Amino acid sequence: MKFSELPYERINFSKVKQQAEELVQNLSDAKDFLTAERVFLEWDKLSSLISTASSLANVRHTINTEDVFYAEEKDYYDEISPQYQELSQNFIKVMLETPFRKDFETKYGDLYFKNAEIEMRTFTPSMIADLQQENRLVSEYVKLIASAQVEFEGETLTLAQMTPHMQSTNTEKRIAAWNAYGSFFMNHAEQFDSIFDQLVTIRTKLSQTLGHKNFIALGYDRMTRNSYNEKDVEKFREAVQKHLVPVVTRLKQEQAKRNGVAFPMKYPDAEIKFPSGNAKPTGTPDEILAYGQKLYRELSPETAEFIDFMMENELFDVVSRKGKASGGYCTEFSEYKSPFVFANFNGTAGDIEVITHEAGHAFAAYQARNIVPLENRQPTMESAEVHSMSMEFFAWPWCEGFFGNQTQKFYYQHLEGALTFIPYGTMVDHFQHEIYKNPEMTPTERHQLWSELEKKYRPWYQDTETPFYKDGRFWQRQIHIYEMPFYYIDYCLAQTVALQFWATMQENREDAWKRYMKFVSKAGMLTFDGLVKTADMTSPFNDSALKDVADAATKWLNQFDQSTLM
Ligand SMILES: [Zn+2]
């Protein structure tokens, strides 16, 4: 069914509540597995109906924020979602006590239970008031960022609209754009400091309610870390410093030389990869979408079926319009087995990422559309990012259609960007560990900590001029740090695996795709560790993983004809 024709009806929460309570009762009364399973599947259906309705309301609200009807519907789901979560917790609790656990595990896998146990550890009813306070603080941050109005060259722009200007090849204009962007944060510095300080305090308090020393254990449980722990992450951190930082430092030295700027670089200088500017896509949004369809039709039979389904049913909304919310995301309407991709094309390489990265998520959702229960459809975040980040690399042979004569620049920029990202993301994660280990730090101490970590993870930066950045405040623009602590390392682990897929493609494309399909087809039925093994890849927690991808990428970059980059 086409997106525009999908029917929407508000979920009646009091009816849902009654039904949910009945199902909880029926499950605990079940005398045999078949009865218990029937209840389990009814619960899954109920969850699917609620998730579809709330997802539809949210999508229709974001594609036209001026539509009053869907704005109200979205508010409605925001309001009932904590109450539904409580019902859901009650159901999970009975599932964990069911005498038929073995039967369920045989039929649906044991991960459902493992994850359910982790989820139960994150909550007790006495936390509700503090959780609401935490949500309010996060919303305050999100609103502050969204409300940003940056005065630039006679226009009033949002932070996202500043991106193309911050990548301008006109040095004066670019520096002005960076200064304007930084000024917004400096004008609200006290607010950003204070929101974060309150978040650290409340998260520490929540953890202590659960008997933890600090927030780290709860943070890990919230991310459903089911196959690695803090020690593993520490090992990964060491490998990043040992194998990756030196390689990226050398690439950055080359960049500074190529562009004729001082090394270590200032932030606005580092943003420009090549003297002629970063690779930009050539087509109109419609042309980019049409070429994306060609890409997926040619990539594999599985992606061909997927892309035709997406196009036929209007499941991409990527063109910027008045009233459309900013940002980009991939979601799904589980009742209609339909993924949905939302984006705002802005003429940068980010537009192509929507077609390759977000469509990678959508492809995985499409492949998993028939899996029951819903919990088994999507893996934990680091694995979900493997779907999308690897797809970005599988799309390489078609990039000429997106970038024309700038394709070589794009390849270089993409691979270099992937390598550069890992030290940054790991630094974000390291920062948060120190913050939550030492919740009594003052805002100034936090900024100092960021600056110190930067010397370790990103020694190619030195900037004593650009406001906001020079003060160790860069992290305040990283939404994840406020919104979902410890999420960031997921991207780094995923990028490490995606780079292994990239390296495999250089040797044997067919083999790389086969292994990717193994990873994707297991959906949410295995842990990250299990999925990596299924695809016969090396775990990022094994010291050799980063060394191997750094070596493979260096070899490729060394052979690259640098004259194509000017
Ligand atoms: Zn993603």
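Among the listed pairs 93/337; 252/456; 242/456; 143/337; 280/324; 31/107, those whose Cα-Cα separation exceeds 20 Å are 93/337; 143/337; 280/324. Solvent-accessible area of residue 44, all protein chains in place: 20 Å² (probe radius 1.4 Å, heavy atoms, ligands and nucleic acids excluded).
Summing Cβ point charges (Lys, Arg +1; Asp, Glu -1) relative to the Cα centre of region 303-377 gives a dipole of roughly 240 debye.
Amide hydrogen proximity for residue 157: with H placed 1.01 Å from N in the peptide plane, the residues at 5 or more positions away or on another chain lying under 5 Å are 150, 151, 152.
Within a Cβ distance under 15 Å of residue 68, other residues only, what is the Lys/Arg minus Asp/Glu net charge? Provide the component values of the computation, followed by the final result.
Numbers: positive: 10, 60, 74; negative: 66, 67, 72, 73, 75.
My count for the surroundings of residue 68 gives -2.
Taking only the C-alpha atoms of region 189-317, the Rg (one decimal) and the largest Cα-Cα distance, Dmax (whole number), read 23.3, 56 Å. In this calculation the C-beta distance from residue 102 to residue 479 is compared with R0 = 51 Å, giving a FRET efficiency of 0.75. Sequence-distant contacts, meaning Cα pairs under 8 Å at least 6 residues apart, place the relative contact order of region 139-216 at 20 percent. Only alpha carbons enter this Debye calculation for region 414-480, each as an equal point scatterer, and the log10 of I(q)/I(0) it gives at q = 0.24 Å⁻¹ is -1.16.
Hey, got a sec? Which trypsin sites (Lys or Arg not before Pro) in region 219-277 land in a DSSP loop and have at most 16 other Cβ atoms within 10 Å?
Numbers: sites: 222, 225, 231, 235, 237, 242, 250, 252, 257, 258, 266, 273; in loops: 225, 266, 273.
Filter output for region 219-277: empty list.
Residue 514 to residue 253: FRET efficiency via 1/(1 + (r/R0)^6), r the Cβ-Cβ distance, R0 35 Å, to the nearest 0.05? If you can, show how the numbers build up before the last one.
Numbers: r = 38 Å, r/R0 = 1.09.
E between residue 514 and residue 253, to the nearest 0.05, is 0.35.
For region 161-211, a Kirkwood hydrodynamic radius built from all Cα pairs, placed in the Stokes-Einstein relation at 25 °C and 0.890 mPa s, yields a translational diffusion coefficient of 183 µm²/s. Counting only Cα atoms, the chain measures 75, 55, 50 Å along its principal axes, largest extent leading.
Rounded to the nearest 20 debye, the dipole size of region 425-524 about its Cα centre is 380 debye, using +1 on the Cβ of Lys and Arg and -1 on the Cβ of Asp and Glu. Basic side chains Lys and Arg get +1 at the Cβ, acidic Asp and Glu get -1 at the Cβ, and with that the dipole of the chain about its Cα centre reaches some 1060 debye. Rg and Dmax of region 132-176, both derived from C-alpha coordinates alone, stand at 14.4, 46 Å.
What's the local net charge at residue 10, with K and R +1, D and E -1, over the other residues with C-beta under 10 Å away? Provide the component values of the computation, followed by the final result.
On the way: positive: none; negative: 9, 72, 73.
For residues surrounding residue 10, the net value is -3.
The values are calculated or read from the model by the stated rules, or taken from the named source; none is laboratory data. Treat the numbers as computed from the prediction; the structure is a model and nothing was measured. Heads up, the Cβs are rebuilt from the backbone with ideal geometry, glycines too, and the neighbour counts pull from every protein chain shown. What goes into the accessible areas is simple: the full protein's heavy atoms, side chains included, and nothing from ligands, DNA or RNA. Shrake-Rupley method; radii C 1.70, N 1.55, O 1.52, S 1.80 Å.
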